[in-house]
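The values are calculated or read from the model by the stated rules, or taken from the named source; none is laboratory data. All values reported here derive from a predicted model rather than from experimental measurement. Cβ: placed from backbone, ideal geometry, glycine included. Neighbour counts: every protein chain shown.
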């Protein structure tokens with residue numbers, strides 16, 4: 001009798017468990033928890049924007065931050081990251097991550113994609129031409145940040161709008177005692193040096209790479225530091241007087257320097273430069289894909305995009321946000337480059353074949369020699 005009762009109870013428990021498993025499985029396919037897991041760059045989305053999303057949708061944001069693409073890529077390639085929305089840089093990261101199957105296709109029926117910046121969209125065609133996996137969102141330029149008073153003192157009469165400021169060895173020789181910094185990745189330096197010495201910035205010819213290397217050797221004795229994240233603090237505190245840097249960080253430096261009474265300027269060189277684009281994408285295995293689309297839609301709204309730009313001085317691709325952006329920001333050519341300058345912006349071509357990947361390895365080895373001053 002005891003065995004029979006136990007058997008009946010066991011059958012009931014198993015039956016209930018099976019029903020529960022089927023219900024849970026069905027629910028997980030059709031319903032999502034009220035969460036969205038977001039992995040973004042430091043300093044991009046303010047707390048009030050995240051709280052506004054939560055208030056409007058009832059979806060809670062779990063918001064994690066990173067400071068370089070390598071950290072994001074390592075998580076995406078290692079295993080299921082657990083994130084629903086990420087912000088990878090277009091080149092070379094999005095291109096190779098799409099090839100590696102990292103992202104799920106976007107469900108455009110769930111997205112209200114309005115007009116996006118036509119110049120950026122044209123450049124994105126080499127990465128993801130139909131926005132199947134990634135929507136370009138934040139964007140900016142690679143240029144030069146410098147201490148205006150120091151430059152005028154040491155290089156009187158020099159033009160402030162040219163890469164000659166940073167790539168002419170005679171100029172660097174004069175500036176060297178006051179600190180000069182370059183970015184730390186080969187991809188941020190070699191294309192611009194190639195262009196400066198009259199070569200194709202997208203060249204993958206070893207002889208062109210060697211020409212760029214020989215020019216860098218002329219600059220190397222005067223470069224104090226290679227840094228991506230430190231250059232803001234260095235130039236604000238006076239540890240460097242000129243730095244290669246990204247527009248977003250440069251304008252952060254300008255803001256901080258003003259509080260100390262120092263005059264820092266950022267320029268987009270007239271010769272043209274690199275444009276950076278950070279995208280919105282949903283990783284394969286995202287636990288809340290529907291909520292991810294809702295979050296992306298929220299960011300694509302003109303009022304939200306404008307609020308982001310007004311906060312951090314970084315444009316988004318949402319064209320309709322322009323009418324809501326502060327006039328002094330919208331009319332600043334170091335934030336929104338002039339039309340003729342926009343046409344000279346270049347998005348680096350991704351390495352997609354054996355020859356270009358071999359060149360990339362050679363460039364990395366050559367860059368190591370530059371940094372080691374060999």
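Residues that are buried (at least 17 other Cβ atoms within 10 Å of the Cβ) and over 22 Å from the mean Cα position of the chain (by Cα) within segment 360-374 comprise 366, 370, listed in sequence order.
Residues checked against (1) at pLDDT 95 or above; (2) more than 26 Å from residue 313 (Cα to Cα); (3) assigned to a loop (DSSP other than H, G, I, E, B); (4) outside the structural domain of residue 300 (by TED's automatic domain parsing):
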position	(1), (2), (3), (4)
38	yes, no, no, no
43	no, no, yes, no
70	no, no, no, no
74	no, yes, no, no
80	no, yes, yes, no
91	no, no, no, no
95	no, yes, no, no
106	yes, yes, yes, no
119	no, no, no, no
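Conditions tested, residue by residue: (1) out of contact with any helix residue (DSSP H, G or I) (no Cβ under 8 Å at 6 or more places or on another chain); (2) in contact (Cβ under 8 Å) with a residue 24 or more places away in the chain; (3) closer than 20 Å to residue 348 by Cα.
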residue: 54; (1), (2), (3): yes, no, no
residue: 63; (1), (2), (3): no, yes, no
residue: 73; (1), (2), (3): no, yes, yes
residue: 103; (1), (2), (3): no, yes, no
residue: 122; (1), (2), (3): yes, no, yes
residue: 131; (1), (2), (3): no, yes, yes
residue: 140; (1), (2), (3): no, yes, yes
residue: 145; (1), (2), (3): no, yes, no
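Test residue 325 against the criterion of being closer than 30 Å to residue 47 by Cα, surrounded by 14 or more Cβ atoms within 10 Å (Cβ to Cβ), at pLDDT 95 or above and in contact with a strand residue (DSSP E or B) (Cβ under 8 Å, 6 or more places away or on another chain), and give yes or no.
Spelling it out, it is not the case that residue 325 is closer than 30 Å to residue 47 by Cα, surrounded by 14 or more Cβ atoms within 10 Å (Cβ to Cβ), at pLDDT 95 or above and in contact with a strand residue (DSSP E or B) (Cβ under 8 Å, 6 or more places away or on another chain).
For segment 259-305, the set of residues classified as out of contact with any strand residue (DSSP E or B) (no Cβ under 8 Å at 6 or more places or on another chain) and without any contact (Cβ under 8 Å) to a residue 40 or more places away in the chain consists of 259, 260, 261, 303, listed by residue number.
Condition check ((1) in the same structural domain as residue 166 (by TED's automatic domain parsing); (2) closer than 30 Å to residue 127 by Cβ) across all residues:
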{"position": "221", "(1), (2)": "yes, no"}
{"position": "224", "(1), (2)": "yes, no"}
{"position": "228", "(1), (2)": "yes, yes"}
{"position": "237", "(1), (2)": "yes, no"}
{"position": "248", "(1), (2)": "yes, yes"}
{"position": "268", "(1), (2)": "yes, yes"}
{"position": "291", "(1), (2)": "no, yes"}
{"position": "300", "(1), (2)": "no, yes"}
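Any residue at all in segment 150-171 that is assigned to a strand (DSSP E or B), surrounded by 16 or more Cβ atoms within 10 Å (Cβ to Cβ) and touching a residue at least 12 places away in the same chain (Cβ under 8 Å)? The answer is no; no qualifying residue exists. Within segment 339-359, the residues that satisfy the criterion of being out of contact with any strand residue (DSSP E or B) (no Cβ under 7 Å at 6 or more places or on another chain), closer than 21 Å to residue 211 by Cβ, surrounded by 13 or more Cβ atoms within 10 Å (Cβ to Cβ) and in contact (Cβ under 8 Å) with a residue 24 or more places away in the chain are 349, 351, 356, 359.
If you check residue 175 against the conditions, is it in a helix (DSSP H, G or I), at pLDDT 90 or above and more than 18 Å from residue 160 (Cβ to Cβ)? When the stated conditions are applied, residue 175 does not pass them. On inspection, residue 27 fails the criterion of being surrounded by 11 or more Cβ atoms within 10 Å (Cβ to Cβ), in the same structural domain as residue 126 (by TED's automatic domain parsing) and modelled with pLDDT under 95.
Residue count for segment 178-211 under the criterion of being in a loop (DSSP other than H, G, I, E, B), at pLDDT 95 or above and under 29 Å from residue 238 (Cβ atoms): the result is 2.
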